[in-house]
Amino acid sequence: MNLRIPGPVPLPDEVLELVGSQMIDHRGPEFAVMLDRMTRNLKAILATAADAFFLTSSGTGAMEAGVVNTLSPGDRVLSISIGVFGDRYGLIAEAYGAEVTRLKYALGQAADPDDVRRILRDAPGCAAVVLTHSESSTGVANPLEAIARAVHDESDALILVDAVSSAAAIPIATDAWGIDVVATAAQKAWVAPPGIAMISFSDRAWKAYEAAKMPRFYFDVAQYRQYLQIGQPPFTPCLPAIYALDHSMQAIVDEGIEAAFARHHERAEQARDGVAALGLELLPERSVASDTVTAVKVPQGIDGRELVRRVREEHGVVLGGGQQALAGRIFRIGHMGWVERHHIDGALRAVAKTLAAMRS
Ligand SMILES: *Cc1c(COP(=O)(O)O)cnc(C)c1O
């Protein structure tokens with residue numbers, strides 16, 4: 001199968017082998033060495049000198065950790081949403097009692113930093129802005145640097161970013177842009193199985209932590225910081241994912257982080273060019289299209305669900321379908337992590353053949 005969904009991503013053989021390795025003592029010396037190396041590599045890839053931690057959860061757990069460690073019930077939060085995952089960040093904040101204001105955009109659009117500027121100026125006292133970097137449901141990358149600048153210019157709000165499907169693939173200058181919490185997960189561009197999520201945590205976030213009253217236990221970052229000093233996680237980690245992640249993060253650092261970003265851009269361009277060559281249209285404007293997932297409009301007269309089903313059954317290519325309001329209207333090609341040119345070519349060829357068959 002050519003698994004072309006926006007996570008979990010397929011794993012190359014050398015990583016699969018590690019996933020099958022024997023368990024070790026997560027409070028023993030081997031783990032401590034691994035955790036130290038992993039933390040250094042995570043901070044390098046996220047471009048931060050602040051803290052960074054590994055949590056045993058999917059990506060949503062990292063998003064939740066950002067919220068519960070920095071905010072109190074009743075805090076005002078601006079949720080910028082350009083799709084399903086943007087909505088989710090607002091819902092998490094709301095579930096813990098934040099007072100959430102929503103800035104929502106049409107599906108396929110990116111957020112406009114000027115709107116963020118205006119909202120924060122008109123309604124001071126916002127404690128945090130939560131947003132998605134690469135919105136996997138629409139294939140759009142938000143202009144994170146410009147949005148972060150707008151937030152810092154107009155407020156003292158923290159910036160919590162769902163970078164689950166962008167980190168390690170699309171540049172994020174965490175410290176330089178003043179991002180307080182970056183949330184990401186192993187099964188996306190990090191080339192590891194699901195089970196581990198990662199967060200960065202800025203000095204400003206630690207200040208907010210002192211006053212933050214939302215309930216937390218499993219995701220309390222103070223426990224992760226304290227245990228890191230003795231080379232341990234506070235709770236039993238998902239070891240198979242850890243083995244893979246350690247290997248894959250080292251591979252990214254060895255390749256060169258900039259080179260990894262360039263490789264993702266190149267594969268994304270290949271996907272976008274290929275879509276255009278088939279006479280199909282992207283959901284977003286090409287200028288805001290994400291380098292990790294390409295969302296394509298299903299052409300008139302074609303049933304999008306049937307297209308995705310037939311591509312899978314007849315060609316062994318697993319595409320992402322549309323989620324929620326976009327169900328049946330788009331299909332998505334994931335291209336994060338380990339992606340070779342033939343993976344993209346194969347997916348596009350399968351779409352072309354299936355469309356031809358459905359039209360005849
Ligand atoms: C995959 C993903 C998530 C997290 O999903 P989990 O299933 O919790 O790992 C969050 N945001 C984005 C943008 C994603 O692509």
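Under 5 Å between amide hydrogens, built in the peptide plane, is the criterion, and for L55 it picks out A197, M198, I199 among residues at least 5 positions away or on other chains. Amide hydrogen proximity for G321: with H placed 1.01 Å from N in the peptide plane, the residues at 5 or more positions away or on another chain lying under 5 Å are R332. In order along the stretch 119-129, phi translates into HN-Hα couplings of 5, 5, 5, 6, 10, x, x, 6, 7, 7, 10 Hz, rounded to whole numbers, per the Karplus curve 6.51 cos²θ - 1.76 cosθ + 1.60 with θ = phi - 60° and x for Gly and Pro. GNM remark for the chain: springs join alpha carbons under 10 Å apart, and the peak mean-square fluctuation among R263, R305, R118 falls on R118. Bridge orientation summary for the chain: considering DSSP beta bridges with both residues in this region, about 50 percent are antiparallel.
For the chain, the mean residue ellipticity at 222 nm estimated from helices alone is -13500 deg cm²/dmol, where every DSSP H run of n ≥ 4 contributes -39500 (n - 2.57) and the total is divided by all residues, rounded to the nearest 500.
When the pairs K43/K207; K188/K213; K104/K353; K104/K297 are compared against a 27 Å limit on Cα-Cα distance, K188/K213; K104/K353 fall above it.
For the chain, averaging the sequence separation of C-alpha pairs within contact (under 8 Å, six or more residues apart) and dividing by the residue count gives a relative contact order of 24 percent. Net charge dipole, the stretch 20-254: roughly 180 debye, given to the nearest 20, about the Cα centre with Cβ charges of +1 for Lys and Arg and -1 for Asp and Glu.
Of the solvent-accessible surface of the stretch 20-254, computed with a 1.4 Å probe over protein heavy atoms with every protein chain present, carbon and sulfur atoms account for 53 percent.
Protein heavy-atom accessible surface, 1.4 Å probe, per residue over the chain: 40 Å². Coupling constants for the stretch 153-163 follow from the phi torsions by the Karplus curve (6.51 cos²θ - 1.76 cosθ + 1.60, θ = phi - 60°), and in residue order they are 5, 9, 7, 9, 4, 6, 10, 10, 10, 7, 10 Hz; glycine and proline get x. Comparing mean-square fluctuations of I242, I230, I179 from a GNM of the chain with C-alpha springs under 10 Å, the top value falls on I230. Rounded if a/c is under 1.5, else prolate if a/b is larger than b/c, else oblate: which is the chain, with a ≥ b ≥ c the root eigenvalues of its Cα gyration tensor? It comes out oblate by the Cα gyration axes. The GNM of the chain, with springs linking C-alpha atoms under 10 angstrom apart, assigns the highest mean-square fluctuation among S58, S81, S166 to S58.
The 3J(HN,Hα) values that the Karplus relation (6.51, -1.76, 1.60; θ = phi - 60°) gives for the stretch 214-230 are, in residue order, 5, x, 6, 9, 4, 9, 5, 5, 4, 5, 5, 5, 5, 5, 4, 5, 10 Hz. Gly and Pro appear as x.
Once backbone amide H atoms are built at 1.01 Å from N, V140 has E135, S290 as its partners under 5 Å, excluding neighbours fewer than 5 places away on the same chain.
Over all pairs of different C-alpha atoms, the stretch 85-187 has a mean inverse distance whose reciprocal, the Kirkwood radius, equals 13.9 Å. Rounded to the nearest 20 debye, the dipole magnitude of the stretch 27-154 is 220 debye, with +1 charges on Lys and Arg beta carbons, -1 on Asp and Glu beta carbons, and the Cα centre as origin.
The values are calculated or read from the model by the stated rules, or taken from the named source; none is laboratory data. Everything quoted here is computed from the prediction, not taken from an experiment. When we count neighbours, we look across all protein chains shown, and the Cβ atoms used for this are built from the backbone with ideal geometry, even at glycine. In case anyone asks, the SASA skips ligands and DNA or RNA and just uses the protein heavy atoms, side chains included. Shrake-Rupley method; radii C 1.70, N 1.55, O 1.52, S 1.80 Å.
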